[in-house]
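Below you'll find the structure, written out as structure tokens, and then a few comments.
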Amino acid sequence: MPEYLVESFDTGLDGPKSMQAFINEKAAEGYSLHQAIERSPCQWVLIFSSLSCGQCQAT
């Protein structure tokens, strides 16, 4: 079963560039972006799935 990580994220003044940097950080930790939900123009809920769990199900 996949493991999920849910993170609130505020893009602030940097906009999408800061969000992409955060997504890259999570990728380095072994997570892939599963879904991004916009709460307001600057506030998002990001749902990540564990890469290792996705690979385990594929085998």
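A Cβ distance below 7 Å, combined with a sequence gap of six or more or placement on separate chains, defines the contacts here; from segment 32-54, residues that are closer than 14 Å to E3 by Cα reach residues that are at pLDDT 95 or above and in a helix (DSSP H, G or I) in the pairs L33/I23; F48/K26. Among residues that are surrounded by 13 or more Cβ atoms within 10 Å (Cβ to Cβ) and not small (G, A, S), I37 is not included. Of all the residues in segment 8-33, those that are in a strand (DSSP E or B) and exposed (fewer than 11 other Cβ atoms within 10 Å of the Cβ) number 1.
The values are calculated or read from the model by the stated rules, or taken from the named source; none is laboratory data. The structure displayed is predicted, hence computed values, not measured ones. Don't worry about glycine lacking a Cβ; one is built from the backbone with ideal geometry, like all the others, and counts go over all protein chains shown.
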